[in-house]
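The values are calculated or read from the model by the stated rules, or taken from the named source; none is laboratory data. Note that the structure is a prediction, hence the values are computed from the model and not measured. We work out accessible area using only protein heavy atoms, side chains counted, and drop any ligands, DNA or RNA first. Shrake-Rupley method; radii C 1.70, N 1.55, O 1.52, S 1.80 Å.
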Amino acid sequence: MSSEKMRPLLIVEDDRSQALFAQSVLHGAGIEAIVENDPFAVLATLPEVKPDLILMDLHLRELDGIALTTQIRQQPHLQLLPIVFL
């Protein structure tokens, strides 16, 4: 088993209660999860968090998950980052 620590997951969810619920479930399973409620801040958050996976709401209010995924995939170093829609 690798001694390398798993990086956190990033939850992109504009509904605060849904985001906190997902975060608490993951924390209960021993998984670190960071929440970003503002879809426009995700590209700035990614270099700080360096997540292993993004859990993203498909229906964000101001910028939908598909459009945000397109923006993420335009970054060469993020093209293989797994994204799972909630």
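Tabulated data
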quantity: Calculated log₁₀ intensity ratio I(q)/I(0) where the Debye formula runs over C-alpha points of the chain, q = 0.12, 0.13, 0.18 Å⁻¹; calculated: -0.33, -0.39, -0.73
quantity: Residue-averaged 222 nm ellipticity for the chain, from DSSP H runs of 4+ at -39500 (n - 2.57), nearest 500; calculated: -10000 deg cm²/dmol
quantity: Solvent-accessible area per residue for the chain (1.4 angstrom probe, square angstrom); calculated: 63 Å²
quantity: Rounded percent of accessible protein surface that carbon and sulfur make up, the chain, 1.4 Å probe; calculated: 57 percent
